[in-house]
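Read the structure below first, then the notes.
The values are calculated or read from the model by the stated rules, or taken from the named source; none is laboratory data. Keep in mind that what you see is a predicted model, and the values were worked out from it rather than measured. Methodologically, a virtual Cβ is constructed for each residue, glycine included, from the backbone with ideal geometry; neighbour enumeration extends over all protein chains shown.
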Amino acid sequence: MIISMSVIIAASTLYFVFSEGIDAQLEEKVFVTHTGAIVKTTGEIIDPLYVASTMEFDPMKYLREFNYGRVSQLPDGTTLREFTIIAEDDKVMEISPGVFFNVWTFNGTVPGPTIRVTEGDFVRIKFINNGSREHTMHFHGIHPAEMDGVFEPVGPGGQFTYEWFADPVGVHPYHCHIMPLEEHIARGLYGVYIVDPKEGRPIADEMIMVLNGFDTDFDTENNFYAANTIPFYYQHHPIQINTNELIRVYVVNMLEFDPINNLHLHGNLYYYYPTGTDTVPSTYTDMITLSQTERGIMEFEYKYPGKYLFHAHKVEFSEKGWIGIFIVKDNPDQKSQTEIEYGT
Amino acid sequence: MELSRKPSKAKLVASGVIPFAFLILMIAYIFGPGSDLLDFGVPLPEITIEKVDFVDSEILATVRNTGPIPVEIVMADVNDRIQPAAIEPDRFLERFESAVVRIPFKWNVAEPYTIGLTIEDGTRFEREIEAAAPALEPSLELAGFFAIIGTYVGIIPVMIGLLWLPFIKKISKNKYHFFLALTAGLLLFLGIDSVEEALNVYEENLSQSFNGVLLVATVIVITFLGLYYTAEKLIKRAASSRITKPVAVALMIAIGIGLHNFGEGLAIGAAVGIGSIAFSTFLIVGFALHNTTEGIAIAAPMAREKTMIGKALIGKLAVLGMIAGAPAIFGAWVGGFVYSPFATVVFLSIGAGAIFQVIITVLRWIREEGDKNLSSAAVASGIAVGMLIMYLTSILV
């Protein structure tokens, strides 16, 4: 008994003492990390560039995905656009490589789907709450009081239909408006709602950037920042654009906890249309500052091909993920920029 | 007779083993299938950054999983800014497993840094470093530097303290008891000091899961009992061997102080190693003054050593001084080159246990010498003055 016990103890002691020695022959590998620093290690790299990710949310798809709804005509000829939005609050999403966080979602993603309509359209949004707590949809814009999504909480399993005539033109946020509001927003219940002018805007390579972040340890400070949810994503997967092509970015700041956010563009300046409500830009700059739910449209063209950064010039945010790259290529067809595209 | 004894012995073994068997069965049942019943509450993950080293263009953080569940380290940051990093051997940490996170970073000497690690659920754990200092690379030069510090702080003061021996020898019995009691007071202070230091190191570096206070208490009691037993043997044998009782007592005191000074050396080496103190001459003077009193503690019992004179006595004193003082050098080496907070807590606790044992030895000696009386004015004032002297010299450190 005693002998066998001492053998077991001796064996386990040997294992604990020499367990590190067992891996000693591992090869040193060299990695270039996302900051350009070089690491040699026998172990693993923990860097957004190397951590294998099973991320289901695709920021590249979200970037240029506009949802125009199920389109039909009302008897008076008005265009009717119908959307179905389902809220859930039990989803655990990989919000940064290796970091799994319980997000609350509209249609399963953070941000929710981008809803795009044309000024004067009749918008009908069928909202279903599949979550475990009350949720609503509160759209910024002009609509009747009872369509405001504040005083009509939708309980678990409940439904609500929001209806209004799309107004005004611009880029607006939508989000849940149940208390505690900060939690319902910071957990991910928000998205972008675009109202196009009837006459449309000049044809452009259009994209959406929602500036957001996550407080994963609940200390009312964000641990991660990003454009479109995933930190550092567009740094490792640069956005491809062409020279001499109009780029239009719909920017919406949904960041909680931090009072401001901003967007700085490298090697260029942009025309900025606050809230997108006016056709005349308010400024021509490479840096604007946005408070919560402040948003606007940025338009620019690149003259020279190459790699250009865009990031928060509140550099703390960019060092925690809110940074990306445009890869500008020579335009294959220098077609005229005068065509006008209407919403489909 | 033999036959009837054997089965009873087997019965005895069985009766000793059966409770163990049931214990193993119970544990197997709890961990076995269907154990979900006992999973109440939400176990919270916890990691502890036990050590941060600043090397050439790199910050090394030693991290241990000190929580109840396995974790995965997914991100590192410096001053709350995300940094790419490597983790060795890998990012999955079982309970109590540790790993080293290597963060490439151009750090600046003497500036504060906060090192953060994030686990898979997004929880971030951090450790603040007051001032970055290059990790010490073992070198002969540095070993020499530590040896000099150890000599100044350990050996020389103890030797100077021993020079009081002729004085103590000449004084009256009552005054002598005062000096023995003074020794007890000095030691009591050192013992409390060691405990405090051990608890501090634990608080600053180790996670709750080590049960620091109980770790310190357990080590103190074990050391105390071990030395108590050894000391009894040593003093009993003293009668029949070459060493006399005063030498035996002095030796016990020297060993106790030596263990304490080892802990002190660890603290000094570690402090230099992690750059938390600038080693000023003032600080060395403080330690030296403080430790001179330790020499008195050894000298006091030796004053009753009557058989030895001249060179033999000086030789003995020198050996005792080395036993008490030299460990400061070894402590500084260990603390500076291979610092481990856990080992430091253990060593400091061993020192405290040793000292408490020595106090008992000294008090018993006073009692035997002083007509079974421990409540004389000499003894009471001796202990009190001993504590006061130590407190006042400790302010200098």
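The residues of region A:269-295 that are touching a residue at least 60 places away in the same chain (Cβ under 8 Å) and farther than 22 Å from A:E199 by Cβ, listed by number, are A:L290, A:T293.
B:E126 meets all of the listed conditions (1) touching a residue at least 60 places away in the same chain (Cβ under 8 Å); (2) closer than 14 Å to B:A297 by Cα but one, namely (2). Scanning region B:100-124 for residues that are of a type outside the set (D, E), under 18 Å from A:T220 (Cβ atoms) and facing chain A (nearest Cβ under 9 Å) returns B:T118, B:G122, B:T123, B:R124. Taking the criterion of being within 20 Å of B:I82 (Cβ to Cβ) and either more than 14 Å from chain B (Cβ to nearest Cβ) or among the hydroxyl-bearing types (S, T, Y) (or both), the only residue of region A:95-109 that qualifies is A:S96.
All of (1) more than 18 Å from the chain's Cα centre (by Cα); (2) surrounded by fewer than 14 Cβ atoms within 10 Å (Cβ to Cβ) hold for A:S291 with one exception: (1).
Hey, among the residues in region B:73-95 that are in contact (Cβ under 8 Å) with a residue 40 or more places away in the chain and closer than 13 Å to B:T48 by Cα, which one's nearest to the other protein chains (Cβ to nearest Cβ)? My answer is B:I73.
Remark: A:D90 falls outside the filter, which requires a residue to be at pLDDT 90 or above, loosely packed, with under 12 Cβ neighbours inside 10 Å and either among the aliphatic types (A, V, I, L, M) or more than 24 Å from A:N130 (Cβ to Cβ) (or both).
Residues of region A:294-312 that are outside any loop (DSSP other than H, G, I, E, B) and either surrounded by fewer than 16 Cβ atoms within 10 Å (Cβ to Cβ) or aromatic (F, W, Y) (or both): A:F300, A:Y302, A:G306, A:K307, A:Y308, A:F310.
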